[in-house]
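A.B. asks: Pasting in a structure now, in structure tokens, and then I'll have a few things to ask.
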Amino acid sequence: MKVGEKIKFMYSSYNKCAVVDTRNTIYIWGHNFQGFWVRHPTEFYQFEDKHILKWIEFGEKHGLALTEAGKIFAWGDGTYGELGDPSICLSEIPRWISFFHDQNIKVKTMSCGIRHSVVIDSEGKIYTFGDNSNSQCGLKIPRSEIPRKHETTFKSIAVFSGQTHNYVKSD
């Protein structure tokens with residue numbers, strides 16, 4: 001990190017630590033997404049000024065970034081569909097998940113399990129994608145490479161994921 005740069009927020013999960021500074025730059029240390037050990041904060045990616053980061057999440061081999069405008073980006077190993085785009089199996093840099101934009105869905109929050117991702121939109125709807133071998137995505141298929149919406153009788157406001165499970169908070 002640059003001397004004097006202010007930290008916007010910090011995050012830690014799955015043997016990785018990260019800070020995001022006020023320039024929208026993500027620095028990572030610990031195990032990187034290729035499985036190598038990085039001892040000191042190392043610049044991973046700097047987002048354009050138009051993409052102001054609100055939050056990041058990490059799975060074991062993938063990451064998600066959410067902007068203030070409700071856009072979501074994914075990177076890492078998408079073997080199980082955890083990047084939300086069937087055309088991307090591996091991405092070393094954050095790529096926009098077009099599914100949400102194409103359907104005019106504004107993302108409110110998200111979470112990563114070990115090999116799956118969960119998203120809540122601005123209306124409180126839940127979407128899951130990635131590995132479902134332990135039913136962590138709540139689907140009847142072993143994995144999903146695209147986000148799948150779940151029909152619920154409640155409005156979701158937060159989600160927290162463990163390795164192969166999720167907790168959703170409703171209003």
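A.B. asks: Quick one: work out Rg over Rh on the C-alpha atoms of the stretch 1-148, Rh as Kirkwood radius.
C.D. replies: Using Cα coordinates only, the ratio equals 0.96.
A.B. asks: Report the charge-dipole magnitude of the stretch 21-171 in Debye, nearest 20, computed about the Cα centre from +1 at each Lys and Arg Cβ and -1 at each Asp and Glu Cβ.
C.D. replies: On the way: 17 positive and 18 negative charges, 64 e Å.
For this selection, approximately 300 debye.
A.B. asks: Under the Karplus relation 6.51 cos²θ - 1.76 cosθ + 1.60, θ = phi - 60°, what is the ordered set of whole-Hz ³J(HN,Hα) values for the stretch 89-94, x standing for Gly and Pro?
C.D. replies: 9, 8, 9, 7, 10, x
A.B. asks: Can you work out the accessible area per residue across the chain, with the rest of the protein chains kept in place, probe 1.4 Å, in square angstrom?
C.D. replies: I get 53 Å² per residue for this part.
A.B. asks: Quick check: at a probe of 1.4 Å, how many percent of the accessible area of the stretch 1-124 sits on carbon and sulfur atoms?
C.D. replies: Using a 1.4 Å probe with all protein chains present, the stretch 1-124 comes out at 51 percent carbon and sulfur.
A.B. asks: Looking at the chain, identify the longest residue range that excludes and avoids all trypsin sites (Lys or Arg not before Pro) in DSSP loops having at most 14 other Cβ atoms within 10 Å.
C.D. replies: Of all site-free stretches, the longest is 51-105.
A.B. asks: Using modelled backbone amide H atoms (1.01 Å from N, in-plane), which distant-in-sequence or interchain residues come within less than 5 Å of Thr164's amide H?
C.D. replies: The answer is Ile114.
A.B. asks: Mind jotting down a quarter of the surface of the convex hull over the alpha carbons of the stretch 62-171, in square nanometres, one decimal?
C.D. replies: Convex hull of Cα atoms, orientation-averaged projection: 6.2 nm².
A.B. asks: Placing +1 on the Cβ of each Lys and Arg and -1 on the Cβ of each Asp and Glu in the chain, which of Asn24, Leu83, Ser161 has its Cα farthest towards the positive end of the resulting dipole?
C.D. replies: Ranked along the dipole, the leading option is Ser161.
A.B. asks: Using the Cα centre as the reference, give the magnitude of the dipole from point charges on the C-beta atoms of the stretch 109-171 (Lys, Arg: +1; Asp, Glu: -1; all else neutral), rounded to the nearest 20 debye.
C.D. replies: On the way: 8 positive and 6 negative charges, 25 e Å.
Its charge dipole is roughly 120 debye.
The values are calculated or read from the model by the stated rules, or taken from the named source; none is laboratory data. Owing to the predicted nature of the structure, the values given are computational and were not obtained by experimental measurement. All Cβ positions, glycine included, derive from the backbone under ideal geometry; neighbour counts span all protein chains shown. SASA here: full protein model, heavy atoms, side chains in, ligands and nucleic acids out. Shrake-Rupley method; radii C 1.70, N 1.55, O 1.52, S 1.80 Å.
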